[in-house]
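To start, the structure under review is shown below, and the notes come after it.
The values are calculated or read from the model by the stated rules, or taken from the named source; none is laboratory data. Keep in mind that this is a model prediction, so the values were computed, not measured. When we count neighbours, we look across all protein chains shown, and the Cβ atoms used for this are built from the backbone with ideal geometry, even at glycine. Calculation scope for accessible area: heavy atoms of the full protein, side chains included, ligands and nucleic acids excluded. Shrake-Rupley method; radii C 1.70, N 1.55, O 1.52, S 1.80 Å.
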Amino acid sequence: MSKKNYGFETKLISQDCYIDSKTGAVNPPVYYSSTFQQGQFDSFGPFDYTRSGNPTRKVLEETIAELEGGVQGFAFASGMAAISSAFMLLSSGDHVIISEDVYGGTFRMVTKVLTKFQIQHTFVDMTDLDAVAGAFRPNTKVVYVETPSNPLLHITDIRGVVKLAKAHNCLVYIDNTFMTPLHQRPLELGADIVLHSATKFLAGHSDVVAGLAVVKDEKLADQLYFIQNSFGAVLGIPDCWALHRGMKTLSVRMKQSSESAQVIAEFLQNHPLVEEVFYPGLATHAGHEIHLGQATSAGAVLSFRLPNKDIAKAFVENLEIPAFAVSLGAVESILSYPATMSHAAMRQKEREKRGITDGLLRLSVGLENCEDLVADLAQALEIAERAVGAGTVAARTVGRFI
Ligand SMILES: *Cc1c(COP(=O)(O)O)cnc(C)c1O
C-alpha cells in the first residue's frame with residue numbers, strides 16, 4: 001500500500017510496506033548478513049552483497065525518500081560520508097558555489113580534499129542572491145546550500161538559488177540537517193539533492209552517527225547509487241535499524257524542541273548580557289520572512305553572542321542542564337562553542353570574518369522542561385554577569401595574555 005496520501009506523522013510510523021511477511025513483526029528485521037545466497041545459477045535475487053544493498057538499509061532509504069518526496073534515498077556512514085559522496089558526482093575541473101558559513105566539516109572537505117582533485121570552490125554569502133549570481137563560472141556544476149546555516153542560522157532563499165542555478169544548468173544540493181523533512185522539503189522547492197547528518201534530529205538520541213541523501217530524479221539516483229556502491233561509505237546494519245527507530249518520534253521531538261527554542265530565543269533576546277540572538281523564529285532575524293516562506297518552523301537550534309570568551313566560559317561553567325558538547329538535534333539540550341568545536345577546522349581569521357567570534361555559543365534545545373532550561377540559562381548568565389562586574393573575568397584575561 002502506498003503511503004503517499006498520509007500525513008507526515010503517519011508516514012513516520014506506518015509500517016504497512018514493511019511488515020515482515022513471515023513473522024508479522026511491526027519493526028523491520030535486522031539482516032546481519034554481508035552476503036545473500038542466490039537461488040539460481042543465472043538469475044540473482046534482489047540482494048547480493050550488503051555494500052550494494054541490504055533489506056534493513058532499504059527500509060531506511062525508502063522511508064527518507066518518502067519523507068523528502070524524492071525518488072530514492074541513500075544511507076551513509078555519517079553526514080560527511082553522504083556529503084562527500086554527493087561531491088563525488090563532480091569531476092576534476094568543476095567548480096562549486098557554497099554557503100560561506102557552512103558546517104565546519106563540509107568546509108574542510110571542500111577546501112582540503114576536493115582541491116586535491118582540482119575541484120574548485122567559491123564561498124558566497126548565500127543570503128545575497130546578487131552575490132550568488134556573480135559567483136557562477138563556466139565550469140560551475142553545483143550550488144551547495146545550508147539553510148538555516150550553521151552556526152549563525154543565516155537563511156538562504158532556496159527558490160531564488162534554484163532559479164539561478166537552473167539558469168546556469170547547475171545542480172542544487174541542500175543540507176537539510178537543521179530543519180529535517182518535517183519542516184522543510186527542499187526537493188519540492190526545486191533542489192536536486194537533499195543531504196542530512198542523520199546523526200542529529202533524524203536519529204535524535206545522540207546514539208548513532210549516520211548520513212542520508214535523497215535525490216529528485218532517476219538519473220541522479222543511478223549516479224549516486226553508483227558512487228555509494230563504488231566508494232562504499234554505507235551505513236552499518238544495526239545503525240540503519242537504530243536510525244529508523246529514532247525517526248519514528250521525529251515529529252513530536254522536533255515540535256516540542258522548536259517550541260522551547262522559541263521561548264528561549266525570546267528570553268535571551270531580552271537579556272542585557274546577550275549581545276545578539278540568531279534564530280529564524282525571531283521577527284528581528286534578517287531571514288525571518290524568507291524562512292517562513294520555505295519552512296514550517298524555525299527549528300530547535302539557536303545561537304547567541306556573549307561579549308567575549310571569558311564571559312562565555314563563566315556562563316558555560318555554571319550551566320547545569322545542557323550537555324557541553326559538539327553535535328545537536330538530540331533529546332538532551334546541547335550547548336556548543338563553535339570557535340573550538342564545530343568550526344575548529346577554520347582559521348581564526350576565516351571564523352571571525354563569518355561572525356563566529358569567541359563569544360558565540362550555539363544551543364540545540366532538547367526535550368527537558370522548558371522552564372527549567374530558561375531558569376538554568378538565567379542563573380548562569382547572572383553568575384557570568386557578576387563575574388564581569390567583580391572584575392574577575394577581566395583579571396583572568398590580563399593574566400592569560402601577558
Ligand atoms: C553534523 C553536521 C554535518 C556532518 O554530519 P556527521 O554525521 O557528523 O558526519 C553536516 N552538516 C550539518 C549541518 C551538521 O550539523
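Have a look at LEU187, LEU195 and point out the one that is under 10 Å from GLY79 (Cβ atoms), open to solvent by less than 20 Å² (accessible area, probe 1.4 Å) and in the same structural domain as ILE158 (by TED's automatic domain parsing).
Answer to the selection: LEU195.
Residue under question is HIS154, and the condition is that it be of a type outside the set (Gly, Ala, Ser), more than 24 Å from GLN72 (Cβ to Cβ), open to solvent by 60 Å² or more (accessible area, probe 1.4 Å) and over 21 Å from the mean Cα position of the chain (by Cα); does it hold?
When the stated conditions are applied, HIS154 does not pass them.
Within the range 49-84, track down each residue that is within 16 Å of the ligand (Cβ to nearest atom) and among the small types (Gly, Ala, Ser).
Those that are within 16 Å of the ligand (Cβ to nearest atom) and among the small types (Gly, Ala, Ser): GLY73, ALA75, ALA77, SER78, GLY79, ALA81, ALA82, SER84.
Here are some residues: VAL132, VAL110, VAL145, VAL162. Which one is touching a residue at least 12 places away in the same chain (Cβ under 8 Å), in a strand (DSSP E or B) and either β-branched (Val, Ile, Thr) or open to solvent by less than 40 Å² (accessible area, probe 1.4 Å) (or both)?
The match here is VAL145.
Please verify whether the range 276-294 includes one or more residues that are more than 16 Å from the ligand (Cβ to nearest atom) and in contact with a Gly (Cβ under 6 Å, 6 or more places away or on another chain).
No, the range 276-294 contains no residue that is more than 16 Å from the ligand (Cβ to nearest atom) and in contact with a Gly (Cβ under 6 Å, 6 or more places away or on another chain).
Testing LEU292 on (1) outside any helix (DSSP H, G or I); (2) open to solvent by 40 Å² or more (accessible area, probe 1.4 Å); (3) of a type in the set (A, V, I, L, M, F, W, C), one condition comes back false. Which one is that?
(1)
Answer with yes or no whether ASP239 is open to solvent by less than 20 Å² (accessible area, probe 1.4 Å), at pLDDT 95 or above, among the acidic types (Asp, Glu) and within 12 Å of the ligand (Cβ to nearest atom).
No: the conditions fail for ASP239.
Within the range 107-122, take every residue that is modelled with pLDDT of 95 or more and within 14 Å of the ligand (Cβ to nearest atom) and give me the one that is farthest from the chain's Cα centre (by Cα).
That would be VAL113.
From the list ALA25, ALA86, exactly one residue is of a type in the set (Gly, Ala, Ser), in the same structural domain as ILE227 (by TED's automatic domain parsing) and closer than 30 Å to GLU352 by Cβ. Which is it?
Being of a type in the set (Gly, Ala, Ser), in the same structural domain as ILE227 (by TED's automatic domain parsing) and closer than 30 Å to GLU352 by Cβ holds for just one of ALA25, ALA86, which is ALA86.
For the range 327-349, which positions are among the hydrophobic types (A, V, I, L, M, F, W, C) and under 13 Å from VAL301 (Cα atoms)?
Selection gives LEU328, ALA330, VAL331, ILE334, LEU335.
Just one of the numbered conditions (1) over 30 Å from GLU188 (Cα atoms); (2) assigned to a loop (DSSP other than H, G, I, E, B) is not true of LEU328; which one?
(1)
Could you name every one of the helices (runs of 4 or more DSSP H) located completely within the range 1-92 that has at least 2 residues being crowded, with 19+ Cβ neighbours inside 10 Å and over 21 Å from the mean Cα position of the chain (by Cα)?
Filter on the range 1-92 gives 55-68.
Looking at the range 355-381, which of its residues are touching a residue at least 40 places away in the same chain (Cβ under 8 Å), part of a loop (DSSP other than H, G, I, E, B), open to solvent by 20 Å² or more (accessible area, probe 1.4 Å) and not hydrophobic (A, V, I, L, M, F, W, C)?
Selection gives THR357, ASP358, GLU368.
Of everything in the range 184-204, what is more than 14 Å from the ligand (Cβ to nearest atom) and touching a residue at least 40 places away in the same chain (Cβ under 8 Å)? Give them in sequence order.
Scanning the range 184-204 gives ARG185, LEU187, GLU188, LEU189, ALA191.
Could you identify the single residue in PHE324, PHE304 that is open to solvent by 60 Å² or more (accessible area, probe 1.4 Å), away from the ligand (no atom under 16 Å from the Cβ) and without any contact (Cβ under 8 Å) to a residue 60 or more places away in the chain?
PHE324
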